[in-house]
1. In nanometres, what is the gap between the two model label sites at Thr138 and Thr103, each 7 Å from Cα along Cα-to-Cβ?
2. Please give the per residue volume of the convex hull enclosing the alpha carbon atoms of region 1-135, rounded to a whole number of Å³.
3. Which helices pass in the chain if a helix is a full DSSP H run, must span at least 30 angstrom along its long axis by Cα, and must have mean Kyte-Doolittle hydropathy not below 0.5?
4. Where Lys and Arg each count +1 and Asp and Glu each count -1, what net charge lies around Ser32 among other residues with Cβ under 14 Å from its Cβ?
5. At q = 0.16, 0.18, 0.20, 0.34 Å⁻¹, work out log10 I(q)/I(0) for region 131-170 with the Debye formula, treating every Cα as an identical point scatterer and leaving solvent out; two decimals please.
6. So for the chain, what are the equivalent ellipsoid semi-axes in whole Å, largest first, each being the square root of 5 times an eigenvalue of the Cα gyration tensor?
7. Under a Cβ-only charge scheme (Lys and Arg +1, Asp and Glu -1), can you give me the dipole magnitude of the chain about the Cα centre, in debye to the nearest 20?
8. Kindly identify region 105-237 as rounded, prolate or oblate by the Cα gyration tensor criterion: order the square roots of the eigenvalues as a ≥ b ≥ c, call it rounded if a/c is under 1.5, otherwise compare a/b with b/c, prolate if a/b is larger, else oblate.
Amino acid sequence: MARQTTIVGNWKMYGSRAMAERFVAGLPAEASAVELVVCAPAGLIALLAPALAPRGVGLGGQDCHPHAEGAHTGDTSAALLADLGATYVIVGHSERRRDHGETDALVRAKAVAALAAGLTPIICVGETLAERDSGAATAVVAAQIACSVPPGDVVVAYEPVWAIGTGRTASVQDIADMHAMLRGLVGAETRLLYGGSVKPGNAAEILAAANVDGALVGGASLNPAEWLAIAAAALAR
Ligand code: 13P
């Protein structure tokens with residue numbers, strides 16, 4: 001079966017009730033042929049679920065705890081995200097690996113918890129600039145895949161750390177090379193997204209690269225017009 005083209009917006013720690021309402025108002029009433037998913041802050045999931053569903057836009061969290069429930073103040077369970085209407089959750093984003101010291105083993109445990117709750121985990125991998133400059137990018141990313149991706153229905157997002165929020169994207173050749181390597185590791189069924197400064201102006205060439213099944217979009221996903229322009233580029237490929 002062909003892999004579904006998927007454009008995921010990662011709102012990170014941005015947004016408010018008013019912003020979410022403005023965002024929804026900027027979406028078309030009918031569903032796109034491209035799968036669209038908003039990964040919102042946990043506090044906005046309940047508000048967005050009934051608003052996005054009629055427009056055919058999916059919803060996801062940005063993190064979950066590896067345990068199903070328990071005494072873990074401030075954390076969010078995968079089961080609660082699912083209960084509130086999410087069907088996806090990002091795990092192992094480089095900002096969480098950096099800010100919270102998340103290891104591959106923890107990311108894998110979170111992905112397993114997501115699958116157990118019926119969510120599709122979007123598992124992020126990617127090298128730092130120092131790792132790329134030293135020629136270690138492929139080895140680093142392959143090790144992250146080996147240690148943070150469990151078996152099951154998962155999505156993998158390749159996000160070179162140095163391309164996130166910097167306006168710098170990997171070259172199309174670098175993306176194609178990394179995605180070819182990833183395809184060999186994850187198999188034909190698993191969707192592979194690229195993330196890192198994807199904008200309306202560069203989406204078409206990135207999404208045309210072999211083995212790129214969609215994008216994980218940060219900054220440009222906060223504006224519905226920009227996000228939809230990226231989705232349009234995905235449709236046109
Ligand atoms: P930017 O699109 O803002 O570079 O963010 C990418 C990202 O981290 C998505 O998860």
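1. Here the answer is 2.8 nm between the modelled labels.
2. Working: hull volume 19.7 nm³, N = 135.
Measuring per residue, one finds 146 Å³ for the Cα hull of region 1-135.
3. Details: long enough: none.
Within the chain not a single helix satisfies the rule.
4. Numbers: positive: Arg55, Arg237; negative: Glu30, Glu35.
Once all neighbours under 14 Å are counted, the net charge is 0.
5. For the requested q values the scattering log ratios are -0.50, -0.61, -0.72, -1.16.
6. Over the Cα atoms of the chain, the semi-axes work out to 25, 22, 16 Å.
7. Details: 16 positive and 22 negative charges, 59 e Å.
Its charge dipole is roughly 280 debye.
8. Values: a/c = 1.63, a/b = 1.22, b/c = 1.33.
Note, shape of region 105-237 comes out oblate.
Every number in this text was worked out from the coordinates using simple rules, so none of it is lab data. Everything quoted here is computed from the prediction, not taken from an experiment. Neighbour counts run over all protein chains shown; Cβ positions are idealised from the backbone, glycine included.
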